[in-house]
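One structure is given below, encoded as C-alpha coordinates.
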Amino acid sequence: MPYDGCHLLRSDGRRPMPEEIPVPPWRRPKKAPPRMPLTQDRIVDTALGILDAEGLDALSMRRLAQELKTGHASLYAHVGNRDELLDLVFDLVLTEVEIPEPEPGRWAEQVKEMCRSLRRMFLAHRDLARIAIDRVPLGPNGIMGMERTLNLLRAGGLRDELAAYGGDLLSTFVTAEALEQSSRHSGAEQSAEQSAEQAGMFADQLHGYLKSLPAAQFPNLVHLAGPITSLDSDRRFELGLEIIIAGLVAGAGAGAGADDGVRTAVSTPVES
(Lines give C-alpha, C1' and ligand atoms only; values in the text may rest on other atoms or scores of the structure.)
Protein backbone atom coordinates (compact mmCIF):
# COMPACT_ATOMS: atom_id res chain seq x y z
CA MET A 1 0.00 0.00 0.00
CA PRO A 2 1.21 3.58 -0.62
CA TYR A 3 2.16 5.67 2.38
CA ASP A 4 1.04 9.30 2.89
CA GLY A 5 3.45 10.06 5.72
CA CYS A 6 1.00 9.11 8.46
CA HIS A 7 -1.19 6.34 7.16
CA LEU A 8 -1.10 3.46 4.79
CA LEU A 9 -3.40 4.06 1.85
CA ARG A 10 -5.50 1.57 -0.07
CA SER A 11 -4.89 1.20 -3.79
CA ASP A 12 -7.83 3.52 -4.39
CA GLY A 13 -6.25 6.18 -2.20
CA ARG A 14 -8.61 5.71 0.78
CA ARG A 15 -7.38 5.04 4.26
CA PRO A 16 -8.25 1.52 5.46
CA MET A 17 -11.15 1.31 7.94
CA PRO A 18 -10.41 -0.26 11.36
CA GLU A 19 -12.52 -3.31 10.61
CA GLU A 20 -10.46 -3.89 7.46
CA ILE A 21 -7.21 -4.25 9.39
CA PRO A 22 -6.55 -7.86 10.36
CA VAL A 23 -6.06 -8.63 14.06
CA PRO A 24 -2.64 -10.07 14.92
CA PRO A 25 -2.91 -13.80 15.68
CA TRP A 26 -1.66 -13.35 19.26
CA ARG A 27 -4.58 -10.98 19.93
CA ARG A 28 -7.30 -13.09 18.43
CA PRO A 29 -9.78 -14.16 21.10
CA LYS A 30 -10.12 -17.87 21.48
CA LYS A 31 -13.44 -19.23 20.39
CA ALA A 32 -15.62 -20.25 23.32
CA PRO A 33 -16.63 -23.90 23.25
CA PRO A 34 -20.21 -24.42 22.14
CA ARG A 35 -22.62 -24.39 25.07
CA MET A 36 -24.45 -27.57 25.86
CA PRO A 37 -28.18 -27.24 25.29
CA LEU A 38 -30.27 -26.84 28.42
CA THR A 39 -32.49 -29.90 28.78
CA GLN A 40 -34.54 -31.36 31.61
CA ASP A 41 -32.20 -34.36 31.85
CA ARG A 42 -29.16 -32.11 32.19
CA ILE A 43 -30.93 -30.01 34.82
CA VAL A 44 -31.89 -33.07 36.88
CA ASP A 45 -28.41 -34.62 36.61
CA THR A 46 -26.82 -31.37 37.76
CA ALA A 47 -29.30 -31.03 40.63
CA LEU A 48 -28.41 -34.54 41.81
CA GLY A 49 -24.73 -33.59 41.75
CA ILE A 50 -25.40 -30.56 43.96
CA LEU A 51 -27.51 -32.67 46.31
CA ASP A 52 -24.76 -35.27 46.70
CA ALA A 53 -22.00 -32.70 47.19
CA GLU A 54 -23.71 -29.97 49.21
CA GLY A 55 -26.99 -31.36 50.59
CA LEU A 56 -30.67 -30.52 50.18
CA ASP A 57 -30.54 -27.08 51.78
CA ALA A 58 -28.01 -25.92 49.17
CA LEU A 59 -30.15 -27.03 46.24
CA SER A 60 -32.02 -23.95 45.04
CA MET A 61 -33.02 -22.88 41.55
CA ARG A 62 -30.48 -20.04 41.71
CA ARG A 63 -27.70 -22.38 42.81
CA LEU A 64 -28.64 -24.78 40.04
CA ALA A 65 -28.62 -21.99 37.44
CA GLN A 66 -25.20 -20.91 38.67
CA GLU A 67 -23.86 -24.43 38.20
CA LEU A 68 -25.36 -24.61 34.71
CA LYS A 69 -24.08 -21.09 33.86
CA THR A 70 -27.49 -19.82 32.87
CA GLY A 71 -30.17 -17.53 34.26
CA HIS A 72 -32.45 -19.19 36.81
CA ALA A 73 -35.48 -18.05 34.82
CA SER A 74 -34.31 -20.29 31.96
CA LEU A 75 -34.78 -23.35 34.15
CA TYR A 76 -38.53 -22.84 34.37
CA ALA A 77 -38.96 -23.69 30.70
CA HIS A 78 -37.99 -27.27 31.68
CA VAL A 79 -38.91 -27.57 35.38
CA GLY A 80 -41.96 -25.93 36.94
CA ASN A 81 -40.47 -25.25 40.38
CA ARG A 82 -38.13 -26.65 43.02
CA ASP A 83 -40.70 -29.16 44.24
CA GLU A 84 -41.07 -30.61 40.76
CA LEU A 85 -37.28 -30.69 40.49
CA LEU A 86 -37.07 -32.81 43.64
CA ASP A 87 -39.71 -35.17 42.22
CA LEU A 88 -37.59 -35.60 39.11
CA VAL A 89 -34.39 -36.16 41.08
CA PHE A 90 -36.09 -38.79 43.24
CA ASP A 91 -37.49 -40.57 40.19
CA LEU A 92 -34.06 -40.58 38.56
CA VAL A 93 -32.30 -42.35 41.44
CA LEU A 94 -35.06 -44.97 41.72
CA THR A 95 -33.47 -46.65 38.69
CA GLU A 96 -30.71 -47.78 41.09
CA VAL A 97 -33.09 -50.01 43.07
CA GLU A 98 -33.02 -53.68 42.10
CA ILE A 99 -36.38 -55.45 42.34
CA PRO A 100 -36.05 -59.16 41.56
CA GLU A 101 -38.49 -61.27 39.59
CA PRO A 102 -40.25 -63.69 41.96
CA GLU A 103 -38.60 -67.09 42.40
CA PRO A 104 -40.42 -69.99 44.09
CA GLY A 105 -39.04 -70.71 47.54
CA ARG A 106 -37.03 -67.45 47.80
CA TRP A 107 -39.82 -64.98 48.48
CA ALA A 108 -38.72 -63.67 51.88
CA GLU A 109 -35.07 -63.41 50.89
CA GLN A 110 -36.01 -61.58 47.69
CA VAL A 111 -38.05 -59.04 49.66
CA LYS A 112 -35.00 -58.47 51.87
CA GLU A 113 -32.77 -58.05 48.80
CA MET A 114 -35.13 -55.43 47.42
CA CYS A 115 -35.15 -53.50 50.71
CA ARG A 116 -31.37 -53.67 50.99
CA SER A 117 -31.05 -52.26 47.48
CA LEU A 118 -33.45 -49.43 48.37
CA ARG A 119 -31.41 -48.66 51.48
CA ARG A 120 -28.16 -48.57 49.47
CA MET A 121 -29.75 -46.07 47.11
CA PHE A 122 -30.68 -43.77 50.00
CA LEU A 123 -27.28 -43.99 51.66
CA ALA A 124 -25.51 -43.29 48.35
CA HIS A 125 -27.20 -39.89 47.96
CA ARG A 126 -26.99 -37.20 50.61
CA ASP A 127 -30.34 -36.07 52.07
CA LEU A 128 -32.31 -38.21 49.61
CA ALA A 129 -34.34 -39.71 52.46
CA ARG A 130 -35.46 -36.17 53.37
CA ILE A 131 -36.86 -35.79 49.86
CA ALA A 132 -38.55 -39.19 49.83
CA ILE A 133 -40.13 -39.25 53.28
CA ASP A 134 -43.27 -37.34 52.24
CA ARG A 135 -43.40 -38.22 48.54
CA VAL A 136 -45.32 -40.85 46.60
CA PRO A 137 -43.06 -42.05 43.74
CA LEU A 138 -45.38 -41.33 40.83
CA GLY A 139 -42.76 -40.67 38.14
CA PRO A 140 -42.19 -43.23 35.37
CA ASN A 141 -39.51 -45.09 37.32
CA GLY A 142 -41.48 -44.89 40.55
CA ILE A 143 -44.65 -46.30 39.00
CA MET A 144 -42.72 -49.17 37.44
CA GLY A 145 -41.00 -49.85 40.77
CA MET A 146 -44.33 -49.93 42.62
CA GLU A 147 -45.75 -52.37 40.09
CA ARG A 148 -42.77 -54.72 40.39
CA THR A 149 -42.79 -54.47 44.20
CA LEU A 150 -46.46 -55.46 44.35
CA ASN A 151 -45.79 -58.29 41.92
CA LEU A 152 -43.10 -59.60 44.27
CA LEU A 153 -45.27 -59.23 47.40
CA ARG A 154 -48.27 -60.95 45.83
CA ALA A 155 -46.02 -63.85 44.83
CA GLY A 156 -45.74 -64.58 48.57
CA GLY A 157 -49.45 -65.28 48.77
CA LEU A 158 -50.36 -62.05 50.53
CA ARG A 159 -53.99 -61.02 50.28
CA ASP A 160 -54.68 -57.76 48.47
CA GLU A 161 -54.86 -55.45 51.50
CA LEU A 162 -51.75 -56.96 53.07
CA ALA A 163 -49.75 -56.72 49.83
CA ALA A 164 -50.74 -53.08 49.30
CA TYR A 165 -50.02 -51.98 52.87
CA GLY A 166 -46.98 -54.23 53.15
CA GLY A 167 -45.31 -52.47 50.25
CA ASP A 168 -45.94 -49.08 51.84
CA LEU A 169 -44.76 -50.33 55.23
CA LEU A 170 -41.48 -51.68 53.85
CA SER A 171 -40.81 -48.47 51.92
CA THR A 172 -41.55 -46.31 54.96
CA PHE A 173 -39.34 -48.44 57.20
CA VAL A 174 -36.35 -48.27 54.83
CA THR A 175 -36.78 -44.52 54.25
CA ALA A 176 -37.10 -43.75 57.97
CA GLU A 177 -34.07 -45.88 58.80
CA ALA A 178 -32.01 -44.12 56.13
CA LEU A 179 -33.26 -40.74 57.36
CA GLU A 180 -32.16 -41.55 60.90
CA GLN A 181 -28.72 -42.57 59.67
CA SER A 182 -28.26 -39.53 57.45
CA SER A 183 -29.33 -37.19 60.26
CA ARG A 184 -26.29 -38.30 62.25
CA HIS A 185 -24.05 -36.91 59.49
CA SER A 186 -26.09 -33.87 58.45
CA GLY A 187 -23.70 -31.21 59.75
CA ALA A 188 -21.87 -29.76 56.75
CA GLU A 189 -19.15 -28.42 59.03
CA GLN A 190 -18.40 -31.89 60.41
CA SER A 191 -16.66 -34.82 58.82
CA ALA A 192 -18.21 -38.29 58.87
CA GLU A 193 -15.60 -39.29 61.45
CA GLN A 194 -16.52 -36.39 63.73
CA SER A 195 -20.22 -37.16 63.44
CA ALA A 196 -19.62 -40.84 64.20
CA GLU A 197 -17.51 -39.89 67.21
CA GLN A 198 -20.25 -37.63 68.57
CA ALA A 199 -22.90 -40.31 68.02
CA GLY A 200 -20.70 -42.83 69.82
CA MET A 201 -20.19 -40.50 72.78
CA PHE A 202 -23.92 -39.91 73.12
CA ALA A 203 -24.66 -43.65 72.86
CA ASP A 204 -22.13 -44.35 75.62
CA GLN A 205 -23.63 -41.66 77.85
CA LEU A 206 -27.16 -42.92 77.23
CA HIS A 207 -26.10 -46.50 77.93
CA GLY A 208 -24.51 -45.46 81.20
CA TYR A 209 -27.60 -43.49 82.18
CA LEU A 210 -30.00 -46.36 81.47
CA LYS A 211 -27.84 -48.81 83.38
CA SER A 212 -27.79 -46.42 86.36
CA LEU A 213 -31.60 -46.41 86.68
CA PRO A 214 -33.10 -48.29 89.64
CA ALA A 215 -33.47 -51.84 88.35
CA ALA A 216 -36.51 -52.53 90.53
CA GLN A 217 -38.40 -49.63 88.95
CA PHE A 218 -37.03 -49.85 85.39
CA PRO A 219 -36.10 -53.52 84.88
CA ASN A 220 -36.59 -53.48 81.09
CA LEU A 221 -34.62 -50.31 80.42
CA VAL A 222 -31.73 -51.57 82.54
CA HIS A 223 -31.78 -55.04 80.99
CA LEU A 224 -32.04 -53.78 77.37
CA ALA A 225 -29.67 -50.82 77.68
CA GLY A 226 -27.21 -52.48 75.28
CA PRO A 227 -29.59 -53.17 72.37
CA ILE A 228 -31.38 -49.84 72.86
CA THR A 229 -28.17 -47.83 72.47
CA SER A 230 -26.57 -49.99 69.79
CA LEU A 231 -25.18 -48.05 66.82
CA ASP A 232 -24.96 -51.16 64.65
CA SER A 233 -27.33 -49.81 61.99
CA ASP A 234 -26.91 -52.84 59.72
CA ARG A 235 -27.95 -55.19 62.52
CA ARG A 236 -30.93 -53.02 63.46
CA PHE A 237 -32.00 -52.81 59.83
CA GLU A 238 -31.89 -56.59 59.37
CA LEU A 239 -33.87 -57.12 62.57
CA GLY A 240 -36.49 -54.66 61.35
CA LEU A 241 -36.83 -56.57 58.09
CA GLU A 242 -37.22 -59.83 60.00
CA ILE A 243 -40.02 -58.40 62.11
CA ILE A 244 -41.96 -56.92 59.18
CA ILE A 245 -41.61 -59.93 56.89
CA ALA A 246 -42.52 -62.35 59.68
CA GLY A 247 -45.66 -60.28 60.23
CA LEU A 248 -46.55 -60.35 56.54
CA VAL A 249 -46.14 -64.11 56.41
CA ALA A 250 -48.20 -64.56 59.55
CA GLY A 251 -50.89 -62.37 58.07
CA ALA A 252 -50.92 -64.40 54.87
CA GLY A 253 -51.62 -67.60 56.80
CA ALA A 254 -50.60 -71.14 56.01
CA GLY A 255 -53.28 -71.54 53.37
CA ALA A 256 -52.62 -68.29 51.55
CA GLY A 257 -49.51 -69.30 49.63
CA ALA A 258 -46.91 -68.80 52.36
CA ASP A 259 -45.00 -71.96 51.44
CA ASP A 260 -42.25 -73.74 53.37
CA GLY A 261 -39.59 -71.74 51.54
CA VAL A 262 -41.07 -68.50 52.80
CA ARG A 263 -41.49 -69.71 56.38
CA THR A 264 -37.96 -71.15 56.46
CA ALA A 265 -36.40 -67.91 55.19
CA VAL A 266 -38.29 -65.87 57.77
CA SER A 267 -37.50 -68.15 60.68
CA THR A 268 -33.76 -68.19 59.95
CA PRO A 269 -32.12 -66.02 62.66
CA VAL A 270 -30.02 -63.03 61.69
CA GLU A 271 -26.31 -63.61 62.25
CA SER A 272 -24.81 -61.66 65.12
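Brief remarks follow.
- Contour excess over end-to-end distance, with Cα ends at Leu213 and Tyr165 and 0.36 nm allotted per residue: 13.4 nm
- Residue-level accessible surface for Glu101, protein heavy atoms, 1.4 Å, Å²: 110
- Positive-pole candidate from Gly166, Leu118, Leu150, dipole of the range 107-184, charges at beta carbon: Leu118
- Area accessible to solvent at Asp57, 1.4 Å probe radius, in Å²: 130
The values are calculated or read from the model by the stated rules, or taken from the named source; none is laboratory data. Computed from a predicted model, the values in this text were never measured in an experiment. No Cβ is skipped: glycine too gets one built from the backbone with ideal geometry, and neighbour counts run over all protein chains shown. For the accessible areas, the whole protein counts, side chains as well, though only heavy atoms, and no ligand, DNA or RNA atoms are used. Shrake-Rupley method; radii C 1.70, N 1.55, O 1.52, S 1.80 Å.
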